[in-house]
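Everything on this sheet refers to the single structure shown next.
Here, each number is a calculation from the coordinates, and none is a lab measurement. Bear in mind the structure is a predicted one, so any value in this text is a computation, not a measurement. Glycine gets a Cβ as well: all are built from the backbone with ideal geometry, and neighbour counts include every protein chain shown.
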Amino acid sequence: DGYGPVTFWLLPYTFPEKISAILSDDDIRTYDQALRKLIESQNIDTSQRNIIVSHQNVVANGKEAERGGSESMAGGVGQIDYSVYGAFDYAALGHIHSSYSVGREEVRYAGTPLCYHLAETRQKNKGFVEIVINAKGEPLKITQRSITPLHKMRFIKDTRDNIYDILRDDSGRGEYIGITITDQRTTPEINAYLKELLNSRDSVLLELLSSFNSYANTVEHAKRKDVESLPIEKLFENLYTEQCGGTPPTEDEYKLMEYVGELVRNQDTHMELDDKDVDKILNKAKMIGGSK
């Protein structure tokens with residue numbers, strides 16, 4: 001444009017072991033290390049404008065944002081800090097369905113332009129992000145643009161009678177609706193009534209569920225959901241503390257847990273740990289002074 005060239009760098013999701021092989025660097029073990037070294041190896045002219053399109057799990061100070069909807073990712077897997085993209089004027093991030101910046105305004109997940117999952121109905125103003133790039137060094141103009149959907153998607157969670165009242169009094173048409181009943185199980189009669197009511201307004205019942213059951217309301221279910229969202233090293237820490245009578249691991253021992261957790265995450269994608277990996281763990285334990 002009138003200010004000169006803009007270079008776009010395209011980086012699909014990648015794994016540390018792949019970058020380790022490309023760069024012939026056996027010390028690369030974490031996603032953060034891998035991305036930093038890969039970007040450092042590129043010939044980036046930082047006097048010009050550079051945009052990167054990337055597809056990683058980007059966090060700020062180790063904190064992940066709430067997932068948007070239908071995308072999936074285990075807690076802690078493949079984290080890289082937003083500062084990895086320091087050489088770029090803007091980092092356009094993909095995969096997460098909610099729209100938010102990470103660390104700085106110029107590192108951003110665009111989110112999905114429309115709702116692709118009932119969980120995304122909690123996000124307001126779905127749409128796209130418009131970026132205006134000015135001269136090098138000048139602030140970018142970042143604007144969230146809303147898209148009005150042809151068919152509004154809604155999620156209702158309430159008692160059966162309240163849901164009936166809400167839908168009977170509602171004038172909405174052409175909607176996609178998900179419903180969870182909280183005070184009783186679903187029945188064929190309830191399903192038929194809701195479908196007939198919604199169909200009369202050209203709306204569609206996408207999902208009819210009940211949260212009223214012995215499993216969903218137990219403490220065990222809540223605990224299981226918590227566990228599924230935790231990084232591997234945190235699970236190690238909890239198990240260690242429980243087995244040691246409430247005594248948490250030392251700082252050195254936790255470093256070893258982080259190392260093993262990252263190793264497992266990297267390898268677990270498509271291969272098993274072998275003897276070479278076990279030797280690396282033992283050597284790492286000796287190096288950081290872990291006593292357990």
Pull out a ≥ b ≥ c, the square roots of the eigenvalues of the alpha-carbon gyration tensor of the stretch 76-169, then state rounded if a/c is under 1.5, prolate if not and a/b is larger than b/c, and oblate in the remaining case. prolate
Sorted on mean Cβ neighbours within 10 Å (highest first), peptides 45-56, 17-28 come out as 45-56, 17-28
Output wanted: per-residue J couplings in Hz (rounded whole) for the stretch 112-128, from phi through Karplus 6.51 cos²θ - 1.76 cosθ + 1.60, θ = phi - 60°, x for Gly and Pro. 7, x, 9, 6, 10, 7, 4, 5, 7, 5, 6, 8, 8, 6, 5, x, 9
Of 91-100, 121-130, ordering from highest average Cβ density within 10 Å down gives 91-100, 121-130
Ranked from highest to lowest mean number of other Cβ atoms within 10 Å per residue, what is the order of the peptides 182-194, 31-43, 137-149? 31-43, 182-194, 137-149
Among residues other than S200 whose Cβ falls under 15 Å from its Cβ, what is the net charge (Lys/Arg +1, Asp/Glu -1)? -1
Taking amide H positions as placed in the peptide plane 1.01 Å from N, state which residues far from E175 in sequence (5 or more) or on other chains have amide H under 5 Å from it. S203, V204
